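Student: Sharing a structure with you now.
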Ligand code: 9UX
């Protein structure tokens, strides 16, 4: 299962924003751990890490890995 770590989330609204952004990129079954920043997801076709970085950045968070 692909995974990215997102820095800067501090509430459930942040989780929702990140989840919706990931879904817009085509991610499915997005599971966000608010405490660790771990974002797990499945994908039908590979999603570009650069696209993820850019989209997450745009909503005010940072992909750290
Ligand atoms: Mo509330 Mo989460 O401002 O960023 S949406 S902490």
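Student: Could you tell me, in Å, what Rg and Dmax come out for the Cα atoms of the chain?
Tutor: Final numbers for Rg and Dmax: 10.3, 30 Å.
Student: Using only helices, what value at 222 nm comes out for the chain when you add -39,500 (n - 2.57) per DSSP H run of length 4 or more and divide by the total residues, to the nearest 500 deg cm²/dmol?
Tutor: After summing the helix terms and dividing by the residues of the chain, the value is -11000 deg cm²/dmol.
Student: Evaluate the relative contact order of the chain (contact order divided by residue number), counting alpha-carbon pairs under 8 angstrom at least 6 apart; express in whole percent.
Tutor: Here the relative contact order equals 44 percent.
All of the numbers you see were taken from the coordinates with simple rules; none came from a lab. None of the values given here were measured: they were computed from a predicted structure.
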